[in-house]
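The values are calculated or read from the model by the stated rules, or taken from the named source; none is laboratory data. This is a predicted model, so every value here is computed, not measured. In this analysis, Cβ positions are derived from the backbone assuming ideal geometry, glycine residues included, and neighbour counts consider all displayed protein chains. Quick note on the areas: whole protein, heavy atoms, side chains included, nothing else; ligands and nucleic acids left out. Shrake-Rupley method; radii C 1.70, N 1.55, O 1.52, S 1.80 Å.
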Amino acid sequence: MAGRTGMCRAWFIPLFVLGLWLIAPIQAQTTRNPHGPISIPCENCHTTTSFSPLRAQPEFDHSRTQFPLRGMHQNVACNSCHVSRVFTEAGTQCANCHADFHRRQFGAQCENCHTVQGWRAATRSVQDHLNRFPLFGAHAAVACDACHRGAATGVYTGLSTQCVTCHQPDFQQAKSVDHRAAGFPTTCETCHNVNNWQLARFDHNQFAKFQLTGAHATVACASCHVGGHYQGTVATCVGCHSRDFAATTNPNHVTAGFPQTCETCHSTTQWLGAVFNHNTTKFPLTGKHSTATCAQCHVNGQYATLPTTCVSCHLPDYQKTTTPNHVAAAFPQTCETCHNTTQWLGAVFNHNTTKFPLTGKHSTATCAQCHVNGQYATLPTTCISCHLPDYQKTTTPNHVAASFPQTCETCHNTTQWLGAVFNHNTTKFPLTGKHSTATCAQCHANGQYATLPTTCVSCHLPDYQKTTTPNHVAASFPQTCETCHSTTQWLGAVFNHNTTKFPLTGKHSTATCAQCHANGQYATLPTTCVSCHLPDYQKTTTPNHVAASFPQTCETCHNTTQWLGAVFNHNATKFPLTGKHSTATCAQCHVNGQYATLPITCVSCHLPDYQKTTTPNHVAASFPQTCETCHNTTQWLGAVFNHNTTKFPLTGKHSTATCAQCHANGQYATLPTTCVSCHLPDYQKTTTPNHVAASFPQTCETCHNTTQWLGAVFNHNATKFPLTGKHSTATCAQCHVN
């Protein structure tokens, strides 16, 4: 029996395999591949016995995929990652398999901190903590959990970097100085450092704005911060030294009303031996004052109210001085005007600081010479106040008789009284030319100074009256001699005609006076050209000026350089000459000497051309007689009409149409401008759609344009029913049935 069983088994297995082989094609046609897109043979992973379990060592190279297996990934079972049988559905990100204990605080890139060698953080950037809070000093030896408490719930992103975040207990339990009671700020780094928490140092200058210098640098904190009082501690010296201020008697600070700014005299190096710098006050100490003791001036401890004027101490000196007597002379009590702090006696007065500086002989005179009888305050400063006798007795010239002003300084100076010099150029009549060498008596006859006139004719009237070339009186010349004469030379007078209303140019500049000023006519001579050239005007025949009624403004065509060869600038008229007009002779237009009444319209000359033109016929078409609309002066033939200047600009196909296509039978003036006036036949014969049956308006331009008549487009959005959505793609016939 056993033999049969073994034989059956021996035959069964091959037959079973053969059956599988026979039905495999049928199954291959009906069974779906569970792995999705894969090209490797099944036997690389599966056995011939069944699809599950897999071969002990599947023949699959994972390094050829997008996710090579390295480190601890090499020992992970395939099914751990490939939960789905479709291999391409397996994720390649760490977060696809590993739960994020950090709750997305670091993002989904686990590899930024972890490696495939082990789950513990191993990336160097994390070890060194090189982010916004580098680990230095004692921080480098602290475990991560000490700050980031709880691996699964720990806070990483957004964790505060303030010291007090971790050191709050240290702040609250500080014993050497109770931080909370003292009102210390929670910025631990102000005093502590990362190397040693206990060795706190406080920068008194940086944070308290009170630099510890001198004896302050060695004083214990409690000496100033009594009772642990830190915040709001007074930073003024008197805040601690008020007792010293009140107890001081040499001098008595309270009685003297000294300010409580101790630093004015004291320093932090040494409290005793205070020094006061008087130069910082309104009364700096100089000369003898700098060696005086405080008590010499500050009698009876008077400091705050002591005046700073010299006379407050030196009034006795002022009152007893007799050389000169200060009181009698009413000298001002500003001692510093003459005295100084170096030497009281030997006072010097600087007269140049007054309104009367001393110069010349005045600077060597003694005070008594001027200040007679001790007169100082009321002494006048005018020269005449001392020199009136000199003024009254002078006879060369006699100052009194000549009514000279009593301003002695006009001619005299303090260096030398005699030999006075008068500068005539400071008056209204400066001396120039021959006047500068004349003696005073030549003009100021009989001692006349104050009332002497300054006009030339006041002296030269005889010269004016006797002059005959030309005769000044007969010609009514003005008596302003300086118009032609100068002070350098009286004879050889020159008149500058260019200063008149008639400047001399061209031939006029070489003419003699008599040629124009005939019979000595000067004042009433007219300045118009025709006043001299009327005979030339009347006898001219080419053209005849009189017959042509030419204006008598000779300068329009003639000039002073050359009378003959006159040139008329037609461009200065209302009819400038251009094109063919500029080469025409005067007679071609001005027929029969017609100048003044010649019209300036084109048709006035070209009416025959207008009447005989037949292409098109201007008269039949009722064309306007404004020839310049189509013609120009350069070329009369080949006229061009700009239709765009009309109410019907030519666009599209219209711009290439000939005139006759629209203006049939020479119809120009009455031709309508509507589209339908030409396109009515098109309107009537159109059947797609039938315009007449549909009662379409005859405004062709609503759908048609001049570029292309066919393929008209109607803008439905301009109607009361804009097309939107499905309506915009519907054909016209879908809505407009029949």
Residue identified as without any contact (Cβ under 8 Å) to a residue 12 or more places away in the chain and either assigned to a helix (DSSP H, G or I) or out of contact with any strand residue (DSSP E or B) (no Cβ under 7 Å at 6 or more places or on another chain) (or both) among Gln333, Gln319: Gln319
Pairs, first free of Cβ contacts under 8 Å to residues at least 12 places away in the same chain and on the phi < 0 side of the Ramachandran plot in segment 59-85, second among the hydrophobic types (A, V, I, L, M, F, W, C) and exposed (fewer than 13 other Cβ atoms within 10 Å of the Cβ), C-beta under 9 Å, six or more apart: Leu69/Val76
Residue under evaluation His716, criteria (1) in contact with a Pro (Cβ under 9 Å, 6 or more places away or on another chain); (2) open to solvent by 80 Å² or more (accessible area, probe 1.4 Å), criterion not met: (2)
Single match in Thr524, Thr487 (criterion: of a type in the set (Ser, Thr, Tyr), loosely packed, with under 11 Cβ neighbours inside 10 Å, at pLDDT below 95 and assigned to a loop (DSSP other than H, G, I, E, B)): Thr524
Counted residues, segment 389-419 - those being under 18 Å from His362 (Cα atoms) and either open to solvent by 60 Å² or more (accessible area, probe 1.4 Å) or touching a residue at least 24 places away in the same chain (Cβ under 8 Å) (or both): 14
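Okay, residues lined up against (1) open to solvent by less than 50 Å² (accessible area, probe 1.4 Å); (2) within 30 Å of Val372 (Cβ to Cβ):
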{"position": "Ala217", "(1), (2)": "no, no"}
{"position": "Cys224", "(1), (2)": "no, no"}
{"position": "Ala295", "(1), (2)": "no, no"}
{"position": "Val299", "(1), (2)": "no, no"}
{"position": "Val311", "(1), (2)": "yes, yes"}
{"position": "Thr322", "(1), (2)": "no, yes"}
Given (1) open to solvent by less than 70 Å² (accessible area, probe 1.4 Å); (2) of a type in the set (A, V, I, L, M, F, W, C); (3) assigned to a loop (DSSP other than H, G, I, E, B), index of the condition Leu199 fails: (1)
Near pairs, Cβ below 7 angstrom, 6+ apart or cross-chain, from segment 295-306 (under 15 Å from Phe283 (Cβ atoms)) to any residue that is loosely packed, with under 13 Cβ neighbours inside 10 Å and of a type outside the set (A, V, I, L, M): Tyr303/Gly257; Ala304/Gly257
Selected residue (only one of Asn544, Asn559, Asn571 is surrounded by fewer than 11 Cβ atoms within 10 Å (Cβ to Cβ) and of a type outside the set (Gly, Ala, Ser)): Asn571
Enumeration of residues in segment 263-293 that are open to solvent by less than 60 Å² (accessible area, probe 1.4 Å), outside any helix (DSSP H, G or I) and over 19 Å from His339 (Cα atoms): Cys265, His266, Thr268, Ala274, Thr281
Residue that is nearest to the chain's Cα centre (by Cα) [pool: residues in segment 44-95 that are among the acidic types (Asp, Glu) and open to solvent by 90 Å² or more (accessible area, probe 1.4 Å)]: Glu89
Subset of segment 606-618 (residues that are open to solvent by 80 Å² or more (accessible area, probe 1.4 Å) and either hydrophobic (A, V, I, L, M, F, W, C) or under 29 Å from Pro543 (Cα atoms) (or both)): none
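Given the condition assigned to a helix (DSSP H, G or I), closer than 20 Å to Glu701 by Cβ, of a type outside the set (Lys, Arg) and open to solvent by less than 50 Å² (accessible area, probe 1.4 Å), answer yes or no: does some residue in segment 631-643 qualify?
Within segment 631-643, one or more residues are assigned to a helix (DSSP H, G or I), closer than 20 Å to Glu701 by Cβ, of a type outside the set (Lys, Arg) and open to solvent by less than 50 Å² (accessible area, probe 1.4 Å).
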In segment 596-620, the residues that are assigned to a loop (DSSP other than H, G, I, E, B) and not small (Gly, Ala, Ser): Thr597, Leu598, Pro599, Ile600, Thr601, Cys602, Thr613, Thr615, Pro616, His618, Val619
Selection within segment 490-508 - of a type in the set (Ser, Thr, Tyr) and either surrounded by 12 or more Cβ atoms within 10 Å (Cβ to Cβ) or assigned to a loop (DSSP other than H, G, I, E, B) (or both): Thr500, Thr505
Selection status of Gln231, within 27 Å of Phe258 (Cα to Cα) and polar (S, T, N, Q): no
Qualifying positions in segment 92-121 - touching a Phe, Trp or Tyr at 6+ places or on another chain (Cβ under 9 Å) and closer than 29 Å to Ser39 by Cβ: Thr92
Leu671, sole failed condition from (1) surrounded by 12 or more Cβ atoms within 10 Å (Cβ to Cβ); (2) assigned to a helix (DSSP H, G or I): (2)
